[in-house]
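Taken together, the values in this text are just the output of simple stated rules run on the coordinates, not laboratory data. Treat the numbers as computed from the prediction; the structure is a model and nothing was measured. With ideal geometry, Cβ positions are generated from the backbone for all residues, glycine too; neighbour counts draw on all protein chains shown.
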Amino acid sequence: MAATALRCLPMVAVVVLSLLLAGAAGAQLSSRFYDRKCPKLQSIVWSATAQAVATEPRMGASILRLFFHDCFVNGCDASILLDDTATFTGEKNAGPNANSVRGYDVIDAIKAQVEAACSGTVSCADIVALAARDSVNLLGGPTWTVQLGRRDALNASQSAANANLPGPGSSLDTLIAMFGDKGLSPRDMTALSGAHTIGQARCVTFRDRIYDDTNINATFAALRQQTCPQQSGGDGDGALAPIDVTTPDAFDNAYYENLASRQGLFHSDQELYSGGSQDVLVRVYRRNAGIFATDFAKAMVRMGNLMPSADTPTEIRLDCKKIN
Ligand code: HEM
Ligand SMILES: *[C@@H]1O[C@H](CO)[C@@H](O)[C@H](O)[C@H]1NC(C)=O
Ligand SMILES: *[C@@H]1O[C@H](CO)[C@@H](O)[C@H](O)[C@H]1NC(C)=O
């Protein structure tokens, strides 16, 4: 017995060591992670985000979306921030991100200030999580405590970005399945979709909806057709429209009011209110802004807890655009 245990010792050591190493990527997050290491972190992020949103309210929406697109591709690990190089193809130019995701410059500017205050300490992934929370709050939405201690990936994957991010033509079943793959419930999905109460979208993402879709308000379709030409391939593809037709710069529950009047901009939005399983919840959020705010905040924390797989090599990046 004792001899067997002794012979097994090296193997036990290897197992323990690899568990410790894996733990680096899958470590528990804590809201107080930087309390000692970088006490000014949260005030730096808040001020810089406030300045960016004051200059351009849409930037708050862009940063919120940046966080979503980071977290859905192998966890919240700042993989989306890595630039392509001659030998490396990352996520920035994946279909859902190219010419679409914005806010990289704002994150870089915040990171520079954070580096000046506490060098080599705070991950880019945590900065994005804080800036997304502050963006929502600055535009009138709820706030919540951000769990911290994420690490930045050394890799990124264009194909994973293409595969993991839902498109605007998605059905309700597809949306439920894609969020389910991330451990997020249909209720989380419907609450998180309320992010479309802020920000703008390009014609190319909603053209099918306003020309060919059913379950759309005819007045609303006609309004959007005025600036989004039916013919694809031209400059019109990039023409912007607010996603929320009434209050595009306010983080409120108007998104659900829009769904009730068949004014969802994307097919995927309107799928949440098309006679399916989420109709009841859409009506709840439409009637009660407080329940939406609470559910949204909880779902953001859960989305923010998505961790890279344990075998992902990580670090604290010094420049969010490239590995150290
Ligand atoms: C449920 C599935 C989702 C689909 C199919 C979807 C799709 C889209 C599309 C197509 C755009 C317009 C992109 C463009 O024109 O370049 C967009 C914008 C946006 N999305 Fe989503 N999205 C989804 C979920 C989310 C979630 C979970 C969040 C955040 C929690 C989010 C936040 C945003 C924001 C804030 C914008 C506006 C960004 C800006 O103005 O820069 N979306 N989304
Ligand atoms: C990074 O590499 C790890 C280990 O090979 C892998 O599990 C992970 O999915 C990769 N990240 C992305 C974004 O593909
Ligand atoms: C269609 O949208 C208009 C506002 O553009 C609204 O007044 C009307 O009630 C909507 N129609 C339906 C059937 O919801």
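Show me the helices of the chain, taken as full DSSP H stretches, that run 24 Å or more along their long axis by Cα and average -0.5 or above in Kyte-Doolittle hydropathy.
Values: long enough: 2-26 (35 Å, 1.93).
Both cut-offs are met by 2-26.
Quick check: from the Cα gyration tensor, does region 112-169 come out rounded (a/c under 1.5), prolate or oblate? List each step's numbers first, then the result.
Numbers: a/c = 2.59, a/b = 1.18, b/c = 2.19.
Oblate, since a/c reaches 1.5 and b/c is not below a/b.
Taking only DSSP H segments of four or more residues, each worth -39500 (n - 2.57), what value at 222 nm results for the chain once the sum is divided by all its residues, to the nearest 500 deg cm²/dmol? Please report the intermediate quantities before stating the final value.
Details: 14 runs with 161 residues, N = 324.
It lands at -15000 deg cm²/dmol.
Given Cα pairs under 8 Å that are at least 6 residues apart, what percent is the relative contact order of region 189-295?
Numbers: 150 pairs, mean separation 34.9, N = 107.
Result for region 189-295 is 33 percent.
By the scheme Lys and Arg +1, Asp and Glu -1, what is the net charge of all other residues having a beta-carbon under 14 Å from that of residue 221?
Numbers: positive: 207, 209, 224, 262; negative: 208, 212, 213, 269.
Net of charged neighbours comes to 0.
Which percent of the Cα-Cα distances in region 34-89 go past 14 Å? Don't jump to the answer; show the numbers that get you there.
Numbers: 1055 of 1540 pairs.
So the portion of pairs separated by more than 14 Å is 69 percent.
Using the 2.2 N^0.38 Å rule of thumb for compact globular proteins, work out how the chain stacks up: its C-alpha Rg over that value, please.
Values: Rg = 21.2 Å, N = 324, 2.2 N^0.38 = 19.8 Å.
Against the empirical 2.2 N^0.38 Å value, I get 1.07 for the chain.
Which whole-number percentage describes the relative contact order of the chain, with Cα contacts under 8 Å and a sequence gap of 6 or more? Please report the intermediate quantities before stating the final value.
Values: 538 pairs, mean separation 84.9, N = 324.
Dividing the mean separation by the residue count of the chain yields 26 percent.
I need the P(r) histogram for region 189-295: all alpha carbon pairs, bin width 10 Å from 0 out to the longest distance, whole percents.
With a bin width of 10 Å, the distribution comes to 16, 48, 28, 7, 0.
Count charges around residue 313 for me, please; just the other residues with Cβ under 11 Å from its Cβ, Lys/Arg as +1, Asp/Glu as -1. All intermediate terms of the calculation are to be shown ahead of the outcome.
Details: positive: 151; negative: 77, 152, 311, 315.
Within the 11 Å Cβ shell, the charges total -3.
For region 286-312 and region 96-128, write down the distance between their C-alpha centroids in whole Å.
Here the answer is 21 Å between Cα centres.
Determine which lysines satisfy two conditions relative to residue 298: a Cα distance under 30 Å, and not lying fewer than 8 residues away in the same chain.
37, 40, 92, 111, 182, 321
Which one of 241, 310, 264 has its Cα pushed farthest toward the positive end of the charge dipole of region 214-315, where Lys and Arg give +1 and Asp and Glu give -1 at the Cβ?
Towards the positive end, the residue furthest out is 264.
Count the net charge of all other residues whose Cβ sits under 12 Å from the Cβ of residue 169, scoring Lys and Arg as +1 and Asp and Glu as -1. All intermediate terms of the calculation are to be shown ahead of the outcome.
On the way: positive: 207, 209; negative: 208, 212, 213, 269, 271.
For residues surrounding residue 169, the net value is -3.
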